[in-house]
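The structure appears right after this line, and notes come after that.
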Amino acid sequence: MPTLKATVAFYETKPTPEAEAVLRQATVTAHRRATVRAGTDGAVNDVAFSPDGGWLAGVGRDGTVRVWARTGRDLRQAPVAELRGHQGPVWGVAVAPDGRVASAGDDGIVRVRDWRTAAEVVLQGHAGPVQDVAFDPEGRRLASGGADGTVRLWDLTTHSADVLPGDPSGDQSKVWGVAFSPDGTHLAAAHADGVVRVWNLADRTVRRLAGHDGPVRSVAFSPDGRHLASGGNDGTVRLWDTATGASLVLRGHEGQAWSVAFSPDGRRLASSGDDGTVRVWNPAAGEPVVIDGFGASVGEVDFAPDGRHLATGHGDGTTRIWRCEACEDVHEVLALARTRVTRDLTDEERSAFLRAP
């Protein structure tokens, strides 16, 4: 990797997409912001921001849903709420537009709670552990996916559920992740058989997106609904065109790609893996900025509503919020890089990067 000064000079001379990718990586590598940790008992399995970004919910193997108040990158030392009730690990968490928190438990139960009022709804129906939950954009419905291979669509007014029709092939495998499209008309699910299934919720037809070599662990729609991202045990992140079904394969993780999340403006896609890295991709170019040094697997990643911060859940029991410098506008990255230059170019670097004699 060139020095930061050389990278800045190279980009200023020739601002190509390739030079921008190198600039972003060098800036992040040169100075990683300190992260604030909030401990829990056991691995953190999922994290989710509130709609206004003012707090963060996290769940883990100890069966507790924790809510932390947040200011910028800072989480309060102690959670503002600890929600118990699940028997065993909690695998998934989601936050509704009105702030209710849904959690998916190993006990086969989905709990929907308002931590501010202690109101709670218990939803039962899965025959086995529930792996993930997702609210629709209006917060009126909740999707859940489980180890029993079913995806259930819950009406949060009546507390009743519809089981979405299975694959026409008859295959029924464990569901690892679920996600609604931004307009609420489609629901995607990540399955252990390597297939992403997408339901049209109007007519309940299902579409198969096959390509992963092994279980698919997570899915996320882009904010405009034109793309669907998936991460899998094969270490790849796939970016699917929701209209055509064509996919772009993003490679880089050494091991499983556990989680994917789009930035609110759709310009960045974050993925996390058991290689202990978070990769921030430019979906248009397919080039990632790699953030490492966490010292533990990164099970989950979520963008804050401001698009400038990321939350990550880790195998060592920590939850972290950090500023995503790789997500900044290129002009902000360039300005940041200039402040971090500690020396001038050598003659060799000047010749190589400025094309000077």
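The values are calculated or read from the model by the stated rules, or taken from the named source; none is laboratory data. Quick caveat, the model's predicted, so the values are computed rather than measured. Every residue, glycine as well, gets a Cβ built from its backbone with ideal geometry; the counts of neighbours run over all protein chains shown.
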Could you run through the range 151-173 and say how many residues are under 25 Å from G60 (Cβ atoms) and either modelled with pLDDT under 95 or more than 26 Å from the chain's Cα centre (by Cα) (or both)?
-> 1
Condition broken by T244, with the remaining ones in (1) assigned to a loop (DSSP other than H, G, I, E, B); (2) of a type in the set (S, T, Y); (3) closer than 25 Å to V93 by Cβ satisfied = (3)
Given the conditions (1) surrounded by 24 or more Cβ atoms within 10 Å (Cβ to Cβ); (2) in a loop (DSSP other than H, G, I, E, B), report the number of the one that W91 does not fulfil.
-> (2)
Matching residues in the range 235-289 - criterion: being in contact with a helix residue (DSSP H, G or I) (Cβ under 7 Å, 6 or more places away or on another chain) and β-branched (V, I, T) = V280, V289
Single residue of T71, T64 found to be on the phi < 0 side of the Ramachandran plot, in the same structural domain as R141 (by TED's automatic domain parsing), of a type in the set (S, T, Y) and surrounded by fewer than 19 Cβ atoms within 10 Å (Cβ to Cβ) = T71
